[in-house]
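The values are calculated or read from the model by the stated rules, or taken from the named source; none is laboratory data. Bear in mind the structure is a predicted one, so any value in this text is a computation, not a measurement. For accessibility, only protein heavy atoms count, side chains too; no ligands or nucleic acids. Shrake-Rupley method; radii C 1.70, N 1.55, O 1.52, S 1.80 Å.
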Amino acid sequence: MSTESRSRAARLTGRRVRQGATVASASLLLSAALTGCAGSGKAGTDAIQASGSTTVAPVASDAAEALKAKGLNITVATQGGSAGGISQLGTGQINIALSSKPLSEKDQKAYPDTDFVTTQIGADAVGVIITKEVADGGVKGLTKAQVAGLFEGKITNWKEVGGPDLQVFVYDKEPGRGTREVLDKFIYGKGEPPAPPKSANYAIVGGNLETRNKLKSTRGSIAPLSTGFIDGHPELVAVPLEGVAPTLANVASGKYPMTRPLFMITNGKPKGTVKQYIDYILSPEGQKLLPQHGYLTREQMGL
């Protein structure tokens, strides 16, 4: 791990602004299948099971690797995204839920016996990602109404928003994903999103890596995706929204409309090796992991 500093984050963000924000990040997702079973972390061993958000997972995996030398045994998985992690924590299958969305009242009602305790480890920007072909063809920014029209299937050709004569293909996130919730909140506020359009040019995708691969392989595609996941992929562009690009300053100030916190969630206050793991991520050394994946540290968010 290199010891990246805030200036590196600024440089990363600076690259994001290019071409209307080619926000980037080379995030290799280290995802391992869960090898334990329900309650394994409570069985008197030091094994820690963490699962959930594909956005939080790269940081969680890097921290787990760093602590391996200190004898901590930590398994990181990404089953079901943020909602899946919260569900697994609520049913006692894991020790830590990785979440890129705030805990909701619905989550708490679903698991009334769980004492959810959230720890924010940093922040991230969700981008509306388009291909460089579309950006070069004239799409330099999108309004909220245009984003809604694209994801609702009402805008079907990029020339309708100033781009090339090319069909739109929408990759949306499955419900429960933190990324999907951020997009829905941006478009609809507290309102309910409509049913997905019945179109051959609309598909649901899962994690961040799958989303990125679909975007790269489909002409005219668009999808919500953590901006950190397009670093090193110049064929993808995070388009400014309502005239605001996801720069470091705009994300930290909250001016960029699709900023989100990143969490580790436990049942009760962290204790023992779980506390040691989370404390490491909150430490100056652990916080250096966040900008390496295109995310903002707690300090950068003023926490």
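Observations, loosely collected:
- The residues of the range 214-303 present an accessible area of 37 Å² per residue when probed at 1.4 Å with all protein chains retained.
- Computed over the range 153-268, the percent of Cα pairs more than 17 Å apart is 62.
- Cross-link partners of Lys70 among lysines (Cα-Cα below 25 Å; sequence separation of 8 or more within a chain): Lys42, Lys269, Lys271, Lys275, Lys288
- For Val161, the accessible surface of its heavy atoms amounts to roughly 20 Å² (probe 1.4 Å, protein chains only, rounded to the nearest 10).
- Under 29 Å from Lys198, Cα to Cα: lysines that are on another chain or at least 8 residues apart: Lys101, Lys106, Lys132, Lys140, Lys144, Lys154, Lys159, Lys173, Lys185, Lys190, Lys214, Lys216
- Alpha carbon centroid spacing (whole Å) that separates the range 95-140 from the range 149-195: 16
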